[in-house]
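Visitor: Pasting a structure here, questions to come.
The values are calculated or read from the model by the stated rules, or taken from the named source; none is laboratory data. Keep in mind that what you see is a predicted model, and the values were worked out from it rather than measured. So basically every Cβ, Gly included, is an ideal-geometry build from the backbone, and we count neighbours across all protein chains shown.
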Amino acid sequence: MIGPNNVILIPILAGILAYFLGKVVKPAREGLTLGSVIAVCYLVFRMPFDKVISYSYSFKLPYAFGSLSFGTNALTSFFAILIALSYLFIAFTAFALVKDKDYHDTFYLFFNIVAGSLLGIVYSRDLMSFFIFWEMMTWSSYFLVIMNAKNPRKTGLTYIVFNVAGAYAMLTAMFFVYAAAGSMQFDKVATAIALMPNTKVLFVSILFAIGFLVKMATMPLHVWAPDAYTESEDSFTGFFSGTLSKMGVYGFLLFFATIVGFANLKGISSIKDTPTVGYVIAWLGVITSIFATFRAIVQDEVKRLLAYSSIAQVGYIVTAMSLGTALGIAGGLYHAVMHTIMKLLLFITVAGVIYRTGKDRFSELGALITRMPLSFLAVLFGIIGLAGMPPFGGFASKWVIYMSLLKSHNYFLLVAMIVSSTAAFLYCYKLIYGIFLGHPSSPDLMEVKEVPAFLWVAQVPLMLALMVFGMLPGLLVPYISKAVAALGFNAAFNSTNMYTLSAALGGFNGFTVINVLGVIFVVVLIWYTLFFPKSKKLHRLDIYYAAETPTEETPLHYGYGIGAELHRIPWVGASLRRHITTFYEKFAEQVNGIASVLKDILFNGDGQIYMLYAVLTLVAIIMFLGR
Amino acid sequence: MRELLTNTHYIVLTGVLILMVIGFFGALTKKNLIKILISLGIVDTGVNLFFIVIGYLNGKTAPIFSKPGLTPQQMVDPVPQALVLTAIVIGVAVLALGLSIVIRVYEHYGTLNVSKIKKMRG
Amino acid sequence: MSTGMRILDLIAYPFVAFIVGMLYMGIARNIIGRIHRRWGPPVLQNLIDVFKLYRKREAGSHGVMFHLGPMIMVTGVVTCLYFVPILSGGKWLHGFSFEGDLILVTYLMVLGALGMALGVGQGGVPFGVMGVTRGLTRLIGLEIPYFIAIIVLMAHYNTASINKIMELQAGGISNWAMFKLPLAFIASLFSFWGMMGASPFDIPGAPQEVASGPATEFGGKYLALMMSTRGIFGFLKLTLWVDLFMGGAANLLILIAKTFVMFISVLFVTSVYSRFKVEQAVDFMWKYPTLIGLIALVIEMVR
Amino acid sequence: MSWFSPILMIAVPLFIAFLIPLLGYIHKKAGLYAMSLTLLFNMLTGFYFLPKVMVKPIRVIVAGYKPPFGINLAITPFSIFLACLISTMGFLVSLYLLKDNTTETQEKFAMLILLVVMGSTGIVLTGDIFNMFVFLEITSISSYALTAIKKDRKGSEAGIKFLLVGSISSTLLLLGIALIYNQLGTLNLADIANRFSQMNPKVAFLAVSFLFIGFGIESEMFPLNAWAPDVYQGAPAPVAALFSAVTVKAGLYAMVRFLFTVAAKSVFIKLLLVFGVLTVIVSELSALRQNDVKRMLGYSSLGQIGVILFAVGIGTADAMQGAIFHFVNHAVLKATLFLSVGLLAKAAGGSTMEDLKGIGKKYPFVAGVFGIAALGVMGFPPLNGFVSKMLILMAAAKTEHIVLIMLILAASVIEGVYYFRVLQVMFKEPEPTRIEKKAFPVLSLVPLVVLVFAIIGIGLFSGYLMPYLKGAAMDVMNRSTYIAAMLGSNGGAL
């Protein structure tokens, strides 16, 4: 039976083959990627969801590593399915959008390797294989970030510094734990940590947290994310911000719930029976979502707005999970799925829009609803989900997170989260207004065609998924409860049927909500279109304009300026002016300064000084070690 | 263990020390490349002299069967002297190579001042 | 209660809200008129306006989304209405409130506004977009005190379902949340006034600045739909506040009495204060009402 | 066949080296082909003896005098392992040189390359301390000549600096050997090791510190490696590849053999640890601000050597195993980097970042190889650099060196920055119009292909290499087996 270890190799081999075979026959790249996508989806879905299976895979690595072991449990299958589906949708998007680009070959090489390494992360059962695939994800996604970047130098270097530094923080913690446990297997490591003294456990958990918070782009470690998400290859961005950030979520859950264990973290120090480390991270998550939401509203670039919105949404997941309550983790997982679906849908559509119009700023777009109706519908579904509006799944996941915060009495966290989720309506509206409504900023926008057909293969299922999860919020509950159980928590949902979602303090019936909405809308629609005379189609410029008549030149696409008024709100304005990046830039200057001073002093080019160094070292050794 | 250091040993050892000090002082302070190479040569001779002193036994003669009837017991320890031969050859080779490179450096830089020859630094 | 009656009850639901809502708007124009020492239009003026607009022969439209915008608004508001029980006791006029809870209602309230905003977007009128932006920015301010208040409620009564909250407040005035959680009530009042469009907060539709904001481009049947929705929305909020803080109403008469008290508070505030700028509104809302709410929250956490 | 002994690995290259000027008359390129053939021969003999020595070390007696009197070769697992590595890398660089016409005088070049490889093999195989000094001097002198072979400004400047510091090292080594001979009266490594404790402690300490500094200069340790960046920048690229892959290894071998087997002074091993970490930090930081890619690679090479010294300094068997593995990876990776930069610089007419702008688009294969090697050096998973770095850091974790691990990981973040910056300059800048694309000679691409397969192959299938690494590590760690093998009667007298 093809175990997880083979599933990982399929995309990686496909990628490498695609690169070389593609040189001979170009369509081989799409063919191989498609083959690997189908194989991965088939195998991932065929694997039993919550039966714990483990494989050891001696990969001929030296004795010190032991054999790399892989396996599945409910949590891994949960994320594996997420990865497989995103891999499928993004592959189709890439088939359409990357067809005639010059980096056609390297794209498929690195895209498949990233997919393979994601599966590797999820299926690995020991620290070393987890780290191997984590690093492979980092460097392969680096090349996809700089592939089509406008200024690859700044984006690429910030991405590498943060992600590699995060990975190495995680690695130090792994070595710490390896020294105590003597082995890299998760279970042995878990038992070893239980016996470690408190200060060490705290040190290890902070280092692990840093590694995963960098990946989840939580404040103050988020600086790489906006640039990386905006400048990465258009069709890859969905995968990047939708699925790669979820690896941070998976890692966080894996290490904090099973290996380090919330219980003994609580033993060390806790505030109101939530571990202090978790409590601090929860506040970090909330602060991230507030800052990121306000920063998202004032953006003019479409992808940068979505990038900041990703950071904000993942901030919710961070807050929900890090409190260590069963319902919180369930809420985090639910929102992880919803966020992936929404971000895939939005980024794929935006990539299609950019591909067709060649423009990526709100001030250059506008009134595309007439030319690209399906994309409009896709973005409409997306923003309803993003804003967390009831008929679609976005509301269900946010509802669970709110309930978890209410149940664990973290009211202040909930109030802070409300600030950001209410402000989210602004950037959702700006997204759909800026691109599809209002007035066309340039005449050529009126000749644009709909997004390529392949994208519909990705968009339609995602839209349906949002609707279905909205209609049947309880559909995911059994799977989430199994995943939460795999982490050692008993699931906290009261209801088990598909239609309702109920937990701690209340519940709601998604099926009724969408039916009521549907019935009323149909009634109003019939009543309005049939019984009333047809409305007269007015010309675009025939609008109420305070007694003047606008001409073709008057700039009417006012909506792209949404968010300008935020600067005037005292606290929000202050947060928008102050950037955390200045701190990092100063730090980078400091390091560069030391580096250049160091090299100029020590290697100053004079042969005689070099001789002097040798003699002085000799004298120093004799004097100091002489006694 | 040959601990019997006679006063001749001490005289020659001080000589070695003086040579070494002069050599190192010259190499580390003089700016002219050729002077540096010469002082390195001096250090080399100092070391070779030190080797000879190690093998010297008071009142013994050179380890060559020049006269019939010389027994090895009357000779000084031959091994360091063999080593010194190789060391001298190496010293010469290094010095010759050094001077040829110094000529080429002079062609390029027009100066022999070692603190001026630092286009490659940092 | 047979299903037939249930269906009738459900059909009557929006119309009750529509009629009462329109009457209140008529009364409001009358009272403000009297405050300005003039007679003010007849009480049924709003109903007359709405029917006049429905009779209009044609209405200008800028495209599909423009056409659907007001419809989504109505759908959103009426759906939200169905989840707020008009009468307590769960027999008559309780809509679907047993299937939803307070958080669902909070988010449904915004769904209508967003639907209409899409219509305004296609309308293409800069004033419309200005109105929508002001509305959404103001929402950031209003939502916080309101949400703090309902958190206090949910924490205190340990449930999120509106009906349960109403039942727990039964038995006399002293049992009302208004008196049990006074600070939370005061904090929620501020956002109540804001959402009802009382003067310091009627920023989106400010006639002098943005020519009635979002409703600028809509005429004929679309304007009629929007005015009736505004009526229903007013009624919805009134009943919600009554349910949450005054133990709901056993029958329509009690409901009208209680809602009238709340409505009077709106009128007083409207006619006294002058309009805020958007940032002032948000800043104001984040200062005093939020502070009061947080104090209520702390008290609640301590108990 | 008793005549086929490891001594041939030294005798044959020596003989051919001095035969090359004569071959010059037969055919202009004969010297170069002779060089490659001899190195091939060396490689094959090395690999022939490798499994044998793993079982039992060989002691080659020269000119009939049994140790501890005559000069003899001590072929132990660690030395034969390194001998194979040195000869293989020498052979690959020589393949590159066949078509590389950097210098007009081909004979001198071929001879010097042979002498350097022979010298290094000698250092690694010899069992006599003065003999090791002589081989070290042969390597150094031919390295000075190789650095300055191109007669240009950079070459001669680098050459003279290398010579000055090198002569200090040889003087100190001589002094150390003299002191040891004065006390113990013997030059045989095993014999010295055996009776090292009988030395007067003061003189012993002095001798060890002299030799520590002497070998330190050869193995590019921090305060003593100031000459290295200039040499890597000044010397022609293939020569720089040879230095980083071969001569440094010999210097490191001498340091390790002396400190671990001969003078088991733990103070100096701890010193090695400190200097190792210092080397890593200083060289990685200095590499950050470099504009010339070859000089940057020089610094990065120092950084990797710092990691090796750090691993050796830890002093446990695991760490030594990781260090030896890093010997191999560093040699393979640095050779690939220098050779590919050599090709690219030759095409672009210079090795600064400015010249190499957009070169990746014009020569995708060679720049791709450079990229893979860069990923390997940085220690990214599937490649070989990752495996040895993990082994070293795991060993360090076992001995509670957590702060040092964090320092080294911070240094490798810096390493990531400057390597990705070069990759970004090569691949993302617009294609240079002034260079017209002309294909490189096939023969100079062969070593690159072999090295890339080695990088990926060792990375994936490092398990096969482990027994040899374990054997070599054991050889270094326990002195007594070395002494017994070399002095005891059971020594295999060939």
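Visitor: From D:Leu189, D:Leu179, D:Leu206, D:Leu174, which residue is out of contact with any His (no Cβ under 7 Å at 6 or more places or on another chain), more than 12 Å from chain A (Cβ to nearest Cβ) and more than 23 Å from D:Thr247 (Cα to Cα)? Full working, then the answer.
Guide: Numbers: D:Leu189 fails: more than 23 Å from D:Thr247 (Cα to Cα); D:Leu206 fails: more than 12 Å from chain A (Cβ to nearest Cβ); D:Leu174 fails: more than 23 Å from D:Thr247 (Cα to Cα).
Among D:Leu189, D:Leu179, D:Leu206, D:Leu174, only D:Leu179 is out of contact with any His (no Cβ under 7 Å at 6 or more places or on another chain), more than 12 Å from chain A (Cβ to nearest Cβ) and more than 23 Å from D:Thr247 (Cα to Cα).
Visitor: Against the condition of a type outside the set (Gly, Ala, Ser), crowded, with 18+ Cβ neighbours inside 10 Å and more than 17 Å from the chain's Cα centre (by Cα), how does B:Leu19 come out, does it pass? Full working, then the answer.
Guide: Details: of a type outside the set (Gly, Ala, Ser): yes; crowded, with 18+ Cβ neighbours inside 10 Å: yes; more than 17 Å from the chain's Cα centre (by Cα): no.
Taking the combined requirement at face value, the residue does not satisfy it.
Visitor: Pick out the one residue from A:Met184, A:Met147, A:Met136 that is within 10 Å of chain D (Cβ to nearest Cβ) and farther than 25 Å from D:Ser388 by Cα. Spell out how you get there, then give the answer.
Guide: Details: A:Met184 fails: farther than 25 Å from D:Ser388 by Cα; A:Met136 fails: farther than 25 Å from D:Ser388 by Cα.
Just one listed residue meets the conditions, A:Met147.
Visitor: Does the range D:146-170 hold any residues that are away from chain A (no Cβ under 12 Å), part of a helix (DSSP H, G or I) and crowded, with 23+ Cβ neighbours inside 10 Å, and which are they?
Guide: The initial filter retains those residues of the range D:146-170 that are away from chain A (no Cβ under 12 Å), namely D:146-153, D:155.
Now drop any that are not part of a helix (DSSP H, G or I), which leaves D:146-147, D:153, D:155.
The answer is D:Leu146, D:Thr147, D:Gly155.
Visitor: Here is a check on your reading of the model: is C:Ser191 in contact with an Asp or Glu (Cβ under 8 Å, 6 or more places away or on another chain), in contact (Cβ under 8 Å) with a residue 24 or more places away in the chain and over 15 Å from C:Val242 (Cβ atoms)? Step through it out loud before you land on a result.
Guide: Values: in contact with an Asp or Glu (Cβ under 8 Å, 6 or more places away or on another chain): yes; in contact (Cβ under 8 Å) with a residue 24 or more places away in the chain: yes; over 15 Å from C:Val242 (Cβ atoms): yes.
So C:Ser191 fits the description; yes.
Visitor: For C:Leu238, work out the one condition from (1) over 20 Å from the mean Cα position of the chain (by Cα); (2) modelled with pLDDT of 90 or more it doesn't fulfil.
Guide: (1)
Visitor: Listed residues B:Ile103, B:Ile42, B:Ile90; which is assigned to a helix (DSSP H, G or I), free of Cβ contacts under 8 Å to residues at least 12 places away in the same chain and within 11 Å of the chain's Cα centre (by Cα)? Walk me through how you get there before you give the answer.
Guide: On the way: B:Ile103 fails: within 11 Å of the chain's Cα centre (by Cα); B:Ile42 fails: free of Cβ contacts under 8 Å to residues at least 12 places away in the same chain.
Every option except B:Ile90 fails the conditions.
Visitor: In the range A:208-226, how many residues are part of a helix (DSSP H, G or I) and surrounded by fewer than 22 Cβ atoms within 10 Å (Cβ to Cβ)? Before you say what the answer is, go through the steps one by one.
Guide: So the first thing to find is which residues in the range A:208-226 are part of a helix (DSSP H, G or I), and the list is A:208-215, A:224-226.
Add one more test, that the residue is surrounded by fewer than 22 Cβ atoms within 10 Å (Cβ to Cβ), and what stays is A:210.
Residues in the range A:208-226 being part of a helix (DSSP H, G or I) and surrounded by fewer than 22 Cβ atoms within 10 Å (Cβ to Cβ): 1 in total.
Visitor: Can you pull out every residue in the range A:385-397 that is in a helix (DSSP H, G or I) and either more than 8 Å from chain C (Cβ to nearest Cβ) or surrounded by fewer than 24 Cβ atoms within 10 Å (Cβ to Cβ) (or both)? Steps first, answer last, please.
Guide: Within the range A:385-397, the first condition is being in a helix (DSSP H, G or I), and the residues that meet it are A:385-387, A:393-397.
Within the range A:385-397, A:Gly385, A:Leu386, A:Gly393, A:Gly394, A:Ala396, A:Ser397 qualify.
Visitor: So which residues in the range D:347-378 are among the small types (Gly, Ala, Ser), modelled with pLDDT of 90 or more and surrounded by 18 or more Cβ atoms within 10 Å (Cβ to Cβ), if there are any at all? Walk me through how you get there before you give the answer.
Guide: In the first step, residues of the range D:347-378 are kept if they are among the small types (Gly, Ala, Ser); the result is D:347-351, D:358, D:360, D:367-368, D:371, D:373-374, D:376.
Of the ones still in play, those that are also modelled with pLDDT of 90 or more are D:367-368, D:371, D:373-374, D:376.
Correct list: D:Ala367, D:Gly371, D:Ala373, D:Ala374, D:Gly376.
Visitor: Still on this structure: Within the bounds of the range D:232-249, is there any residue that is closer than 14 Å to D:Leu211 by Cα and surrounded by 24 or more Cβ atoms within 10 Å (Cβ to Cβ)?
Guide: Going through the range D:232-249, the residues closer than 14 Å to D:Leu211 by Cα turn out to be none.
Checked against the condition, which is being closer than 14 Å to D:Leu211 by Cα and surrounded by 24 or more Cβ atoms within 10 Å (Cβ to Cβ), the range D:232-249 yields no hits at all.
Visitor: Let me ask something else. For the structure I just gave you, tell me whether B:Val76 is more than 8 Å from chain D (Cβ to nearest Cβ), in contact with a Phe, Trp or Tyr (Cβ under 8 Å, 6 or more places away or on another chain) and more than 16 Å from B:Ile38 (Cβ to Cβ). Steps first, please.
Guide: Numbers: more than 8 Å from chain D (Cβ to nearest Cβ): yes; in contact with a Phe, Trp or Tyr (Cβ under 8 Å, 6 or more places away or on another chain): yes; more than 16 Å from B:Ile38 (Cβ to Cβ): yes.
Here the answer is yes, as B:Val76 does meet what is asked.
Visitor: Quick check, is B:Ala27 within 13 Å of chain D (Cβ to nearest Cβ) and surrounded by 15 or more Cβ atoms within 10 Å (Cβ to Cβ)?
Guide: Working: within 13 Å of chain D (Cβ to nearest Cβ): yes; surrounded by 15 or more Cβ atoms within 10 Å (Cβ to Cβ): yes.
Spelling it out, B:Ala27 is indeed within 13 Å of chain D (Cβ to nearest Cβ) and surrounded by 15 or more Cβ atoms within 10 Å (Cβ to Cβ).
Visitor: Report, ordered by the first and then the second residue, all pairs with beta carbons closer than 8 Å, sequence separation of six or more or different chains, a first member in the range A:508-523 that is closer than 13 Å to C:Phe83 by Cβ, and a second member that is of a type in the set (S, T, N, Q) and part of a helix (DSSP H, G or I).
Guide: Correct list of pairs: A:Val513/C:Thr79; A:Val516/C:Thr79; A:Leu517/C:Thr75; A:Leu517/C:Thr79; A:Ile520/C:Thr75; A:Ile520/C:Thr79.
Visitor: Any idea which residue in the range A:398-412 is farthest from the other protein chains (Cβ to nearest Cβ), counting only those that are surrounded by fewer than 24 Cβ atoms within 10 Å (Cβ to Cβ) and in contact (Cβ under 8 Å) with a residue 60 or more places away in the chain? Give the derivation first.
Guide: Keep residues of the range A:398-412 that are surrounded by fewer than 24 Cβ atoms within 10 Å (Cβ to Cβ), which gives A:406-409, A:411-412.
Then drop every residue that is not in contact (Cβ under 8 Å) with a residue 60 or more places away in the chain, which leaves A:406-409.
Numbers: A:Leu406: 6, A:Lys407: 10, A:Ser408: 12, A:His409: 7 Å.
So, considering only residues that are surrounded by fewer than 24 Cβ atoms within 10 Å (Cβ to Cβ) and in contact (Cβ under 8 Å) with a residue 60 or more places away in the chain, the one farthest from the other protein chains (Cβ to nearest Cβ) is A:Ser408.
Visitor: Working only within the range A:416-442, note down all residues that are polar (S, T, N, Q) and within 10 Å of chain C (Cβ to nearest Cβ).
Guide: Kept after step one, since they are polar (S, T, N, Q), are these residues of the range A:416-442: A:420-422, A:441-442.
Residues satisfying the conditions are A:Ser420, A:Ser421, A:Thr422.
Visitor: Would a scan of the range D:144-152 turn up a residue that is closer than 24 Å to B:Gly55 by Cβ, of a type in the set (S, T, N, Q) and out of contact with any Lys or Arg (no Cβ under 6 Å at 6 or more places or on another chain)? Spell out the reasoning first.
Guide: Step one: filter the range D:144-152 for residues closer than 24 Å to B:Gly55 by Cβ, giving none.
Checked the range D:144-152: no residue is closer than 24 Å to B:Gly55 by Cβ, of a type in the set (S, T, N, Q) and out of contact with any Lys or Arg (no Cβ under 6 Å at 6 or more places or on another chain).
Here is a yes/no grid of residues against (1) more than 25 Å from the chain's Cα centre (by Cα); (2) at the interface with another protein chain (Cβ under 10 Å from one of its Cβ atoms); (3) not hydrophobic (A, V, I, L, M, F, W, C):
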position: D:Val369; (1), (2), (3): no, no, no
position: D:Ser388; (1), (2), (3): no, yes, yes
position: D:Val417; (1), (2), (3): yes, yes, no
position: D:Pro432; (1), (2), (3): yes, no, yes
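Visitor: Considering only the range C:19-135, give the helices (runs of 4 or more DSSP H) lying wholly within it that have at least 3 residues that are facing another protein chain (nearest Cβ under 7 Å) and modelled with pLDDT of 90 or more. Don't jump to the end; show me each part of the working.
Guide: Numbers: elements: C:45-54, C:64-82, C:102-123.
Once the helices (runs of 4 or more DSSP H) in the range C:19-135 are filtered for at least 3 residues that are facing another protein chain (nearest Cβ under 7 Å) and modelled with pLDDT of 90 or more, what remains is C:64-82, C:102-123.
Visitor: Answer with yes or no whether C:Phe147 is of a type in the set (Phe, Trp, Tyr), touching a helix residue (DSSP H, G or I) at 6+ places or on another chain (Cβ under 8 Å), surrounded by 24 or more Cβ atoms within 10 Å (Cβ to Cβ) and facing another protein chain (nearest Cβ under 7 Å).
Guide: yes
Visitor: Output the residue which, of all residues in the range C:216-259 that are more than 22 Å from C:Ser161 (Cβ to Cβ) and free of Cβ contacts under 8 Å to residues at least 12 places away in the same chain, is surrounded by the fewest Cβ atoms within 10 Å (Cβ to Cβ).
Guide: Among them, the one singled out is C:Leu253.
Visitor: Suppose we filter C:Ala281, C:Ala249 for residues that are among the small types (Gly, Ala, Ser) and part of a loop (DSSP other than H, G, I, E, B); which single one remains? Spell out the reasoning first.
Guide: Numbers: C:Ala281 fails: part of a loop (DSSP other than H, G, I, E, B).
C:Ala249 is the lone residue from the list that is among the small types (Gly, Ala, Ser) and part of a loop (DSSP other than H, G, I, E, B).
Visitor: Could you figure out which of (1) crowded, with 24+ Cβ neighbours inside 10 Å; (2) in contact (Cβ under 8 Å) with a residue 40 or more places away in the chain; (3) at the interface with another protein chain (Cβ under 10 Å from one of its Cβ atoms); (4) under 17 Å from the mean Cα position of the chain (by Cα) isn't true of A:Tyr142?
Guide: Among (1) crowded, with 24+ Cβ neighbours inside 10 Å; (2) in contact (Cβ under 8 Å) with a residue 40 or more places away in the chain; (3) at the interface with another protein chain (Cβ under 10 Å from one of its Cβ atoms); (4) under 17 Å from the mean Cα position of the chain (by Cα), A:Tyr142 violates only (2).
Visitor: What is the one condition in (1) surrounded by fewer than 24 Cβ atoms within 10 Å (Cβ to Cβ); (2) at pLDDT 90 or above that D:Met89 does not satisfy?
Guide: Condition (1) is where D:Met89 drops out.
Visitor: Report the residue count in the range A:602-618 for those that are at the interface with another protein chain (Cβ under 7 Å from one of its Cβ atoms) and in a helix (DSSP H, G or I).
Guide: Of the residues in the range A:602-618, the ones at the interface with another protein chain (Cβ under 7 Å from one of its Cβ atoms) are A:602-608, A:610-615, A:617-618.
Among the residues that remain, those that are also in a helix (DSSP H, G or I) are: A:602, A:607-608, A:610-615, A:617-618.
Residues flagged as at the interface with another protein chain (Cβ under 7 Å from one of its Cβ atoms) and in a helix (DSSP H, G or I) within the range A:602-618 amount to 11.
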